[in-house]
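Notes follow the structure.
The values are calculated or read from the model by the stated rules, or taken from the named source; none is laboratory data. In this text, all values refer to a predicted model and were calculated from it rather than measured experimentally. Cβ placement follows ideal geometry from the backbone for every residue including glycine, while neighbour counts extend to all protein chains displayed. Calculation scope for accessible area: heavy atoms of the full protein, side chains included, ligands and nucleic acids excluded. Shrake-Rupley method; radii C 1.70, N 1.55, O 1.52, S 1.80 Å.
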Amino acid sequence: MQSNWWHSAVIYQVYPRSFADADGDGVGDLPGITAHLDDLVDLGVDAVWVSPFFTSPQRDAGYDVADYCDVDPVFGTLDDADALIHAAHERGIRLIVDLVPNHSSSDHPWFQEALRAAPGSAARARYVFRDGRGEHGEFPPNNWQSVFGGPMWTRTAEADGTPGQWYLHIFDSSQPDFDWTNPEVRDLFLGVLRFWLDRGVDGFRVDVAHGLMKEPGLPDVAEPDAVAFGAGPATLEPAVSAPVQAPYWGQDTVHEIYREWRALLESYPGERILIAEAWVDPLPRLADWVRPDEMHQAFNFAYLETPWAARPLREIIDASLATFGSVGAPSTWVLSNHDVVRHATRLALTFDNPQGHGIGLATPNLPEPASALQRARAATALMLALPGSAYLYQGEELGLPEAIELPDHARQDPTWFRSDNQRYGRDGCRVPLPWTAHGATYGFSASKHSWLPQPERWRDLARDLQRCSDDSTLSLYRHLLAVRKDLQLGSGTVRWLDSPRPDVLVFQNGLAVIIANTGDLPITLPEGDILACSAPVEDATLPEHATAWLRPSNTVSLPLP
Ligand code: GLC
């Protein structure tokens, strides 16, 4: 396999609960993924990242791990994991797993031991236990607010039943944070990395990689409600309006951990990679995460948060290439994942919707689905023309919109509960995939049940229908990925060309000229062969909100007419 594969790879995120359910319990599983690997080969991706499938009470859909070295029965067995890794490799697809080092589940044996142990004990020192404030310790140790809403601290009861110390959890109370200054914690995770590397995985997506270290003393924050977890808009430069950087995000001391991990990965054969989920702001700070001896890639959330508009897109593309390029790392690009409103809806929203808040039936002014999808297809065609590594989230290749019609009683994201139903949370982007236009769960499950209900309109978006239509979003993705590979756009460069209008982006990457029209009016294309386009081109006219890849008949005819 080619070296530095990750510099230009297209990596497909599988959210296992919602991908395919082989055993018929209504929740997707590892055998379901293995059974559909050929669909991913057909799509044309290079690697698959699978969200957590480890032993877990599933209070945060598996991002609450009780045993890092075993598979939760809901997803299968360790043998199923081995079979998946093997089947992926047989097909030339790399397999990346999700590592959750910031916190464990409260069911983890270490946390259970800590609850039973006395304050000040070695067992408690693996997590962040503190005495409360106030005369009787009745107030949390500081004013930090959980990402999911409510205080970041929960009070425990001591062995004799009296109210005791508090423990820290950046997320849900079922996700206690580890104390990463404790060498025992470091050793635990070195062991976990080895366990999966020995089984043959090609890398790790590192969850909340910016959260592991906290500022010593755990000081109060000035404005607890203003602390952002990617609650954009992302900034390129530090600005007065930049979200507050909290004493638990992006501490400098975290980098040493990743250097140790990188060295471990390099002691294994093959090019195994580390990918940071680090919501750090402004973007240039992210370069620190991908220095040559640290992680290989970091998700570009600043790109994800950029609106569908030419000027900010050009700025973020330039800033990303410069930021990552400054340390010799590839830029990454991403538009959707399991934490954000799907881009087939999000890019047409006309109001602010901070990450994690989600949308639902009571949200006013929702966009019209067809025009929202048109933007999404155009945005994807722009993204896949950029050099670097691109991430796709399962279902976006079907043009799935956010499932806004989920009934309240079906919602499962802890955000919904911890915010007293004020934030819809992320369930709307996690609805199980439609594989077939027929069947109770559109081919997702062997049973009649899916863990989140699928909207009826999923039927028209089913993969089997889309496979038979040249105009479908699935056909567009397959075509874009094939041309991207053919022309090696992933390892190319961006050369901006003159644009005829401020709402149109024009650049050259290798042999292709990319024209992205973010405006409301069509535009005439220069002469040349159309290699790909996100919307039908007639009489050399590219519609509004559309992107075309073109091989110009002669570069002299540029700029555009
Ligand atoms: C990451 C995951 C998200 C999860 C959180 C806590 O942001 O992507 O789904 O809820 O970490 O683990």
Which numbered condition LEU476 misses (of (1) modelled with pLDDT of 95 or more; (2) crowded, with 23+ Cβ neighbours inside 10 Å): (2)
Odd one out for TRP279, checked against (1) at pLDDT 95 or above; (2) within 30 Å of GLY395 (Cα to Cα): (1)
Residue that is farthest from ASP21 (Cα to Cα), among those in segment 415-429 that are within 16 Å of the ligand (Cβ to nearest atom) and open to solvent by 10 Å² or more (accessible area, probe 1.4 Å): SER419
Count of residues meeting criterion [over 13 Å from GLY399 (Cα atoms), within 16 Å of the ligand (Cβ to nearest atom) and among the hydroxyl-bearing types (Ser, Thr, Tyr)] in segment 334-351: 0
Selected residue (criterion: farthest from the ligand (Cβ to nearest atom)) from residues of segment 299-313 that are within 14 Å of the chain's Cα centre (by Cα), touching a residue at least 60 places away in the same chain (Cβ under 8 Å) and not in a helix (DSSP H, G or I): GLU305
Residues that are out of contact with any strand residue (DSSP E or B) (no Cβ under 9 Å at 6 or more places or on another chain), buried (at least 16 other Cβ atoms within 10 Å of the Cβ) and under 19 Å from ALA35 (Cα atoms), drawn from segment 432-464: LEU433, PRO434, TRP435, ALA437, TYR442, GLY443, ALA462, ARG463
Condition broken by LEU218, with the remaining ones in (1) modelled with pLDDT of 95 or more; (2) at negative phi; (3) more than 13 Å from the ligand (Cβ to nearest atom); (4) assigned by TED's automatic domain parsing to the domain that holds ASN300 satisfied: (2)
Unique residue being among the acidic types (Asp, Glu), over 30 Å from PRO536 (Cβ atoms) and modelled with pLDDT under 95 when the list is ASP427, ASP420: ASP420
Residue match in segment 149-165 (condition: within 16 Å of the ligand (Cβ to nearest atom), at pLDDT below 95 and within 33 Å of the chain's Cα centre (by Cα)): yes
Selection from segment 153-203 of residues that are among the acidic types (Asp, Glu), in contact (Cβ under 8 Å) with a residue 24 or more places away in the chain and farther than 30 Å from ASP220 by Cβ: ASP202
Long-range neighbours under 6 Å by Cβ, at least six apart or interchain, first residue within 15 Å of GLU315 (Cβ to Cβ) within segment 279-291, second hydroxyl-bearing (Ser, Thr, Tyr) and part of a helix (DSSP H, G or I): LEU283/THR323; PRO284/THR323
Search result, residues across segment 58-82 that are open to solvent by 40 Å² or more (accessible area, probe 1.4 Å) and within 14 Å of the ligand (Cβ to nearest atom): GLN58, ARG59
Residue match in segment 13-22 (condition: part of a loop (DSSP other than H, G, I, E, B), among the aromatic types (Phe, Trp, Tyr) and at pLDDT 95 or above): yes
From ASP98, ASP179, ASP131, residue being away from the ligand (no atom under 16 Å from the Cβ) and either among the basic types (Lys, Arg) or closer than 30 Å to ARG272 by Cβ (or both): ASP179
Looking only at segment 243-282, and only at residues there that are within 16 Å of the ligand (Cβ to nearest atom) and closer than 19 Å to LEU95 by Cβ, the one that is surrounded by the fewest Cβ atoms within 10 Å (Cβ to Cβ): GLU277
Residue within segment 57-71 that is under 24 Å from the mean Cα position of the chain (by Cα) and part of a helix (DSSP H, G or I) present: no
Enumeration of residues in segment 286-307 that are more than 13 Å from GLY325 (Cα to Cα) and of a type in the set (D, E, K, R): ASP293, GLU294, GLU305
Residues within segment 1-23 that are among the small types (Gly, Ala, Ser) and more than 21 Å from the chain's Cα centre (by Cα), tallied: 2
Residues of segment 33-54 satisfying the condition of being farther than 14 Å from LEU99 by Cβ and either hydrophobic (A, V, I, L, M, F, W, C) or within 16 Å of the ligand (Cβ to nearest atom) (or both): ILE33, ALA35, LEU37, LEU40, VAL41, LEU43, VAL45, ALA47, VAL48
The one condition in (1) more than 30 Å from ASN182 (Cα to Cα); (2) open to solvent by less than 60 Å² (accessible area, probe 1.4 Å) that HIS89 fails to fulfil: (2)
LEU212 being open to solvent by less than 10 Å² (accessible area, probe 1.4 Å), more than 16 Å from the ligand (Cβ to nearest atom), in contact (Cβ under 8 Å) with a residue 40 or more places away in the chain and within 23 Å of GLN251 (Cα to Cα): no
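Here is a yes/no grid of residues against (1) open to solvent by 60 Å² or more (accessible area, probe 1.4 Å); (2) more than 21 Å from SER56 (Cβ to Cβ):
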position: GLU113; (1), (2): yes, no
position: ALA122; (1), (2): yes, yes
position: GLY132; (1), (2): no, yes
position: PRO140; (1), (2): no, yes
position: ASP160; (1), (2): yes, yes
position: PRO163; (1), (2): yes, yes
position: ILE170; (1), (2): no, no
position: GLN175; (1), (2): no, no
position: THR181; (1), (2): yes, yes
